[in-house]
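Report on the structure given below.
The values are calculated or read from the model by the stated rules, or taken from the named source; none is laboratory data. Because the structure is predicted, anything quoted here is derived from the model rather than measured. Note that we place each Cβ from the backbone using ideal geometry, even for glycine, and neighbour counts take in every protein chain shown. With ligands, DNA and RNA removed, areas are computed over all heavy atoms of the protein, side chains included. Shrake-Rupley method; radii C 1.70, N 1.55, O 1.52, S 1.80 Å.
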Amino acid sequence: GPEKIVVYPTPGSMDGNSCCDPDVVYFDGYYYLGYTSTLNDGGYCNNVFVARSEKPDGPFEKWNGSGWGGEHPQPIVYYTTDYSKFGMGEPSFVELNGTLYIYYTNATPSGEYTMVATADATNENWPATMQFHGVAVEKNTDSIDIKYVEEWGKFVGVATGDRMGAASWLGFYESNDGIHFELVDI
């Protein structure tokens, strides 16, 4: 069928400038759509938001800091370091055995990283249960998309490096625990 926009910025709110870089995961009857939104028109100082729907084409209700819906969406990961940098964004989700793994870019003045947090996927308000585990990958690539491959029993990530250059490449990452990753092939 034709494409359909399912999540729009909420005017006058923290995601009022944009909804981009989506990733979707389905569990416990909901499609959860994570996305990046910026606090300014320049595309800097980004945050990670999430919305949910029982249907893939919506309607979606956004996380508001304590539950779902309403007029004031709140980020699940909030960037406060340096407003001239990209910040947090480009989420990737994996749900495995009741744990939700949340991966996201953290681009700061000191470097670019893929961070990881976990949450209790059995709790309807899982964003309130998030625990932050720090750096999963020190990035030398673009954003990393991470999935779990049951046949291998591993978390696998794929990302592009130097994607706009003549020497562009694909990087493949692996993890046994979903927290610590290593680059295993280029």
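Would you please list the contacts, defined by Cβ atoms under 9 Å and residues six or more apart or on different chains, that run from a residue in the range 129-154 that is small (Gly, Ala, Ser) to a residue that is in a loop (DSSP other than H, G, I, E, B)?
Short answer, once both residue conditions are applied: Gly134/Ile179; Ala136/Ile144; Ala136/Gly178; Ala136/Ile179; Ala136/His180; Ala136/Phe181; Gly153/Asn176.
Among the listed residues Asp21, Asp41, identify the single one that is acidic (Asp, Glu) and either touching a residue at least 40 places away in the same chain (Cβ under 8 Å) or in contact with a helix residue (DSSP H, G or I) (Cβ under 7 Å, 6 or more places away or on another chain) (or both).
Working: Asp41 fails: either touching a residue at least 40 places away in the same chain (Cβ under 8 Å) or in contact with a helix residue (DSSP H, G or I) (Cβ under 7 Å, 6 or more places away or on another chain) (or both).
The conditions single out Asp21.
Would you point out which residue out of Gly67, Gly98 is over 20 Å from Gly157 (Cβ atoms), surrounded by fewer than 18 Cβ atoms within 10 Å (Cβ to Cβ), out of contact with any strand residue (DSSP E or B) (no Cβ under 8 Å at 6 or more places or on another chain) and at pLDDT 95 or above? Show your work before the answer.
Values: Gly98 fails: out of contact with any strand residue (DSSP E or B) (no Cβ under 8 Å at 6 or more places or on another chain).
Only one candidate passes the filter, namely Gly67.
Could you list, ordered by first residue, the pairs with Cβ atoms under 8 Å in which the first is in the range 89-116 and charged (D, E, K, R) and the second is outside any strand (DSSP E or B) and at pLDDT 95 or above, at least 6 apart or interchain?
Cβ pairs passing all conditions: Glu95/Ala121.
From the set of residues in the range 155-186 that are among the aliphatic types (A, V, I, L, M) and in contact with a strand residue (DSSP E or B) (Cβ under 7 Å, 6 or more places away or on another chain), which is surrounded by the fewest Cβ atoms within 10 Å (Cβ to Cβ)?
Checking each candidate, the answer is Ile186.
If I go through the range 109-126 residue by residue, how many of them are surrounded by 15 or more Cβ atoms within 10 Å (Cβ to Cβ) and under 17 Å from Glu90 (Cβ atoms)? Steps first, please.
First, pick out the residues of the range 109-126 that are surrounded by 15 or more Cβ atoms within 10 Å (Cβ to Cβ): 112-121, 126.
In the following step, the residues that additionally are under 17 Å from Glu90 (Cβ atoms) were identified as 112-117.
Residues that pass the stated criteria total 6.
Are any residues in the range 122-161 of a type in the set (Lys, Arg) and either in contact with a Leu (Cβ under 6 Å, 6 or more places away or on another chain) or under 26 Å from Trp68 (Cβ atoms) (or both), and if so, which ones?
The one that is of a type in the set (Lys, Arg) and either in contact with a Leu (Cβ under 6 Å, 6 or more places away or on another chain) or under 26 Å from Trp68 (Cβ atoms) (or both): Lys147.
Name the residues in the range 39-55 that are open to solvent by 70 Å² or more (accessible area, probe 1.4 Å) and either modelled with pLDDT of 95 or more or on the phi > 0 side of the Ramachandran plot (or both), would you?
Answer for the range 39-55, where residues must be open to solvent by 70 Å² or more (accessible area, probe 1.4 Å) and either modelled with pLDDT of 95 or more or on the phi > 0 side of the Ramachandran plot (or both): Glu54, Lys55.
Only one of (1) in contact (Cβ under 8 Å) with a residue 24 or more places away in the chain; (2) out of contact with any Ser or Thr (no Cβ under 9 Å at 6 or more places or on another chain); (3) not in a loop (DSSP other than H, G, I, E, B) fails for Gly58. Which number is that?
(3)
If you take the residues in the range 109-130 that are farther than 20 Å from Arg52 by Cα and part of a strand (DSSP E or B), which one is farthest from the chain's Cα centre (by Cα)?
Gly111
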